C-alpha cells in the first residue's frame with residue numbers, strides 16, 4: 001500500500017532537486033528509455049535503512065565530472081505502474097529498492113542493488129556510482 | 001530522510017545471509033531477530049546438497065557470489081528461520 005503522499009513528497013523533491021526526472025507512469029518510462037545516450041534510472045524508496053543514504057550518494061555522484069546523459073527516477077511502492085515498467089528494462093536482476101540501473105543505449109551496464117546500499121555511507125555508494133560513470137559514460 | 005523502525009534491531013531492513021548448520025543458506029531482508037529465530041522477508045533459500053536441473057550442485061559460496069552480484073529473487077514472502085538451525089547471520093553486502 002502506498003504511503004501518504006505528504007510523507008513521500010520530500011523524498012520526491014530530494015530527487016528532482018538534483019535534476020532527476022520523475023517518471024510517474026509507464027509512458028514516461030518508455031519515453032525516457034527511448035532516449036539516446038547513457039541513462040541512470042534510480043528506483044526511489046521510503047526505506048530509511050537504505051534510501052536514506054542512496055539519495056545523498058546519488059547527489060554526490062552527480063557532482064562528478066562524468067555523469068549519465070539522462071537521470072530518471074521511479075518511486076517503488078508509490079508509482080506502481082512506472083516502477084513495474086522500469087523494472088521490465090532490467091528484468092534479469094531481482095527487484096530491489098532503492099537501486100540504480102545504468103544503461104548505455106538500451107543495455108544495462110551497471111546495477112547497484114539494495115544490499116550494496118544498505119549500511120554503507122553515502123560516499124562509499126557514490127564511489128561505486130562514480131566508478132560506473134567513468135567506465136560507461138565518458 | 002526515510003522511514004525507520006529502530007526498535008526492530010540493527011539488522012532491520014538489511015539484506016542478510018542466514019547460514020544454517022546444515023547445507024542450507026537463506027538470503028533475505030531481515031525484519032527482526034527474535035529468541036526463536038530470524039524473521040526474514042522476501043527471502044530465498046539455497047540447499048547445497050540438492051542437484052540442479054542439470055545434475056550439478058552449487059556450493060553455498062557460489063550461490064552467495066551470485067547473490068552479492070545481483071541479489072536474490074524473493075521466493076519466500078516471510079519466514080522465521082529457527083534459532084537452533086542458525087550458524088551465523090551476516091550482511092550480504094559484507095560478502096562482496
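The values are calculated or read from the model by the stated rules, or taken from the named source; none is laboratory data. Worth saying up front: this structure is predicted, and the values here are computed from it rather than measured. FYI the Cβ positions are ideal-geometry reconstructions off the backbone, even for glycines, and counts take in every protein chain you see.
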Number of the exception - residue A:27 against (1) modelled with pLDDT of 95 or more; (2) within 13 Å of the chain's Cα centre (by Cα): (2)
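Condition check ((1) under 24 Å from residue A:54 (Cβ atoms); (2) more than 10 Å from every other protein chain (Cβ to nearest Cβ); (3) out of contact with any strand residue (DSSP E or B) (no Cβ under 8 Å at 6 or more places or on another chain); (4) not in a strand (DSSP E or B)) across all residues:
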{"residue": "B:26", "(1), (2), (3), (4)": "no, yes, no, no"}
{"residue": "B:53", "(1), (2), (3), (4)": "no, yes, yes, yes"}
{"residue": "B:62", "(1), (2), (3), (4)": "no, yes, yes, yes"}
{"residue": "B:67", "(1), (2), (3), (4)": "yes, no, no, yes"}
{"residue": "B:78", "(1), (2), (3), (4)": "no, yes, no, no"}
{"residue": "B:87", "(1), (2), (3), (4)": "no, yes, no, no"}
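Assess whether residue B:89 counts as being out of contact with any helix residue (DSSP H, G or I) (no Cβ under 6 Å at 6 or more places or on another chain), crowded, with 16+ Cβ neighbours inside 10 Å and in contact (Cβ under 8 Å) with a residue 40 or more places away in the chain.
Against the criterion (out of contact with any helix residue (DSSP H, G or I) (no Cβ under 6 Å at 6 or more places or on another chain), crowded, with 16+ Cβ neighbours inside 10 Å and in contact (Cβ under 8 Å) with a residue 40 or more places away in the chain), residue B:89 qualifies.
If I filter segment A:106-120 down to residues being within 12 Å of chain B (Cβ to nearest Cβ) and over 19 Å from residue B:29 (Cβ atoms), which single residue comes out as surrounded by the fewest Cβ atoms within 10 Å (Cβ to Cβ)? Give the derivation first.
In the first step, residues of segment A:106-120 are kept if they are within 12 Å of chain B (Cβ to nearest Cβ); the result is A:108, A:110-120.
Keeping just the survivors that are over 19 Å from residue B:29 (Cβ atoms) gives A:108, A:110.
On the way: A:108: 15, A:110: 18.
Looking at residues that are within 12 Å of chain B (Cβ to nearest Cβ) and over 19 Å from residue B:29 (Cβ atoms), I get A:108.
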Unmet requirement for residue B:78, which otherwise passes all of (1) surrounded by fewer than 17 Cβ atoms within 10 Å (Cβ to Cβ); (2) under 13 Å from the mean Cα position of the chain (by Cα); (3) modelled with pLDDT under 95: (3)
Criterion: touching a strand residue (DSSP E or B) at 6+ places or on another chain (Cβ under 9 Å), over 26 Å from residue B:64 (Cα atoms), modelled with pLDDT of 95 or more and surrounded by 19 or more Cβ atoms within 10 Å (Cβ to Cβ) - qualifying residue of A:75, A:103, A:42: A:75
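Within segment B:45-64, can you find the residues that are surrounded by 12 or more Cβ atoms within 10 Å (Cβ to Cβ) and out of contact with any helix residue (DSSP H, G or I) (no Cβ under 8 Å at 6 or more places or on another chain)?
Here is the first cut: in segment B:45-64, the ones surrounded by 12 or more Cβ atoms within 10 Å (Cβ to Cβ) are B:45-48, B:57-60, B:62-64.
If the condition is that a residue be surrounded by 12 or more Cβ atoms within 10 Å (Cβ to Cβ) and out of contact with any helix residue (DSSP H, G or I) (no Cβ under 8 Å at 6 or more places or on another chain), then B:45, B:47, B:57, B:58, B:59, B:60, B:62, B:63 are the ones that fit.
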